[in-house]
Every structure is written in structure tokens, then in C-alpha cells.
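Some notes on the structure that comes next.
The values are calculated or read from the model by the stated rules, or taken from the named source; none is laboratory data. Values in this document were obtained by computation on a predicted structure and should not be read as measured data. All Cβ positions, even for glycine, are placed from backbone atoms using ideal geometry, and neighbour counts span all protein chains on display. When the accessible area is computed, the model is the full protein with side chains, heavy atoms only, and any ligands, DNA or RNA have been set aside. Shrake-Rupley method; radii C 1.70, N 1.55, O 1.52, S 1.80 Å.
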Amino acid sequence: MSVRPRSNVIGGCLLALGLAASSGCLSCLNPVAGPRADCIELCHTLPRPERNHVYIFFMNGLDPVNCCNLTGVRDSVQKLGFIKTYYGQSCHYYWFASEIRRLKHDDPDARFVLVGSQWGANLMCTLARDLSCGGIPIDLAVFLDGSMLDCKPEHRPDNIERIVHLWSRPGLLKGKDYPGAENICIEDANFFGCGGHPETLERLALELSVVAASVPMGAPAVPPPQDAPAPGPVEEKMPLVSKEWDFLQPRSNRPAVMAPTAAKPPEQVSEQRPAQPR
């Protein structure tokens with residue numbers, strides 16, 4: 001008799017877990033306060049066209065419920081003025097690769113930043129290695145709690161110009177020093193709170209401002225087609241409205257109302273008689 005209630009409880013737990021995984025509702029466990037005002041001011045001193053050349057890709061790890069709140073980190077980066085951001089799970093790996101190749105083709109001055117959390121750091125290393133076959137450089141890679149990274153020097157991607165590895169205090173999975181990277185241990189952060197830590201957000205603001213400053217001044221974000229005509233001025237026109245709805249239009253656009261005039265009396269036509277012969 002106790003098998004059915006136990007199965008109902010297990011089914012309810014699986015349903016709740018599925019709903020949580022689909023919405024990422026556990027991001028509230030590690031709220032992100034957002035970047036400081038001085039970090040926002042630092043990034044906004046750079047011209048907007050330069051910031052729009054920086055494309056930032058966020059890869060979550062084996063965390064379908066978003067406990068590390070990587071989406072909150074992405075929102076903080078957007079507040080810094082970097083709006084070209086992408087977020088995905090491990091299933092978006094191949095789409096990330098194709099999107100970066102497309103962006104590099106359309107925007108030769110593009111700057112690419114890869115941010116991987118936990119197992120996502122491993123995926124970002126593999127992604128950079130795949131992109132190196134096409135000659136696409138990665139300007140910055142940020143690894144958050146990359147405790148499962150392959151730290152062999154020969155396995156480090158050659159096309160990553162700079163790597164910053166931040167991890168939380170030692171726990172079940174201890175952080176490792178990644179070769180050729182700036183390794184930073186945040187002592188007062190828990191295992192899932194490394195990404196939203198104020199020190200991490202400050203580091204992201206500094207690194208992204210350096211990447212944006214390397215963009216040439218006046219570089220177009222997306223080159224226009226060669227045969228595209230120059231856009232002309234757009235003339236705004238009021239939509240045609242029936243006369244019975246004229247009271248909805250502004251007074252300046254209403255047709256002038258003519259005052260009624262008095263009806264003219266009909267002209268009297270004198271009858272002309274034909275002339276009689278003399």
C-alpha cells in the first residue's frame with residue numbers, strides 16, 4: 001500500500017525539478033548586486049561604437065537550474081554598456097561556434113570574449129581550440145570555478161590572448177592554477193557565488209574596457225553591402241483618416257471648416273423675343 005504514495009512523491013519531485021530546470025528559478029540563491037557606479041562610469045567613457053564591437057558569450061556548466069546565476073552576470077555586463085551578449089547551455093556549443101564565425105565574417109574588427117562557468121569553462125576551451133582552425137582569435141577568456149579544467153600547458157588554446165581564472169574558496173572541487181592565466185582565488189565566495197561576486201564584476205569591467213579600447217576608432221560594426229544605395233531622408237506622413245474622425249487629429253492637421261454662405265438668389269433670365277421683320 002505504500003508503493004503508490006512513494007511513487008507520487010517521487011513523480012512530484014521530478015516534476016518540480018523539471019520546472020526549475022526549464023526556468024532557471026534557483027538563480028535567487030546567489031543574487032547579483034550589479035556593477036558599482038565607478039565600474040559603469042569607466043566602461044561608459046569608451047565610445048559606444050567601440051563597445052558594440054565586443055561580443056561576449058556566456059556558457060553555463062552542468063547547472064540547468066542556474067544556481068551560479070550566470071544570467072545575472074550577463075545582465076551586469078549589459079549595464080556596463082556591452083550589449084552584444086550571448087547566453088547558452090552546453091547544447092548551444094555548435095551554435096556559438098557558427099555565430100562567432102559569422103560575426104567574424106561580417107565584422108572584421110570584432111572582439112570576442114568567452115565566459116565559462118564550471119564545466120562551461122572546459123567547453124569554452126574546446127570552442128577556442130576549434131575556432132583556431134579558422135584563424136579566429138579570442139581576445140579574452142574568463143573562467144569561473146573551472147575546477148575541472150585540463151591544466152596541461154600543451155592543451156592550452158594558442159588563439160586566446162588573455163585568460164583570467166577566478167574560483168571560490170576551496171570546497172569539494174578545489175580550483176587549479178590554469179597555465180598562462182591570471183589565477184585569482186576569492187576567499188569569501190561560496191561555490192556557486194563566484195560569478196556574481198563584486199570582485200568578479202569589477203574584474204570583468206576592467207578587462208572588457210581594455211578589450212573595447214583595442215577596437216580602431218570609427219570602425220563600422222557591420223559593413224554595408226557594396227551596391228546598397230545611400231539611405232535618404234524619411235518623410236513622416238500622417239495616415240489618411242476619414243472625415244468623420246477629424247476630431248481625433250491635432251488642430252493643426254484638421255481641414256479648415258468653411259463658414260456657410262447665404263444662398264444666392266437665382267438669376268433672372270429675360271426672355272428675348274425674335275425680331276419681327278419690317
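Observations on the structure shown:
- Note that the range 118-202 presents 45 Å² accessible area per residue, ligands and nucleic acids not counted, probe 1.4 Å.
- Highest average packing first - 98-110, 79-91, 194-206, Cβ atoms within 10 Å: 194-206, 79-91, 98-110
- The ratio of the alpha-carbon radius of gyration of the range 62-180 to the globular-protein estimate 2.2 N^0.38 Å is 1.05.
- For residue 183, the residues whose modelled amide H falls within less than 5 Å of its own, excluding neighbours fewer than 5 places apart on the same chain, are 165.
- Once the C-beta distance of residue 150 and residue 36 is scaled by a Förster radius of 30 Å, the resulting FRET efficiency is 0.30 to the nearest 0.05.
- Label zone at residue 90 (point 7 Å along Cα-to-Cβ), backbone N below 13 Å, the range 32-74: 60-65
- Using the alpha-carbon positions of the range 68-117, Rg (one decimal) and Dmax (whole number) come out as 11.8, 33 Å.
- Computed from phi, the 3J(HN,Hα) profile of the range 150-158 under the Karplus parametrisation 6.51, -1.76, 1.60 (θ = phi - 60°) reads 7, 8, 6, x, 6, 9, 6, x, 7 Hz, with x in place of Gly and Pro.
- For the peptides 56-65, 178-187, residues were scored by their other Cβ atoms within 10 Å and the scores averaged per peptide; the highest-first order is 56-65, 178-187.
- The residues of the range 55-112 expose, per residue, 40 Å² of accessible area to a 1.4 Å probe.
- Whole-percent carbon and sulfur share, accessible surface of the range 65-162, 1.4 Å: 54 percent
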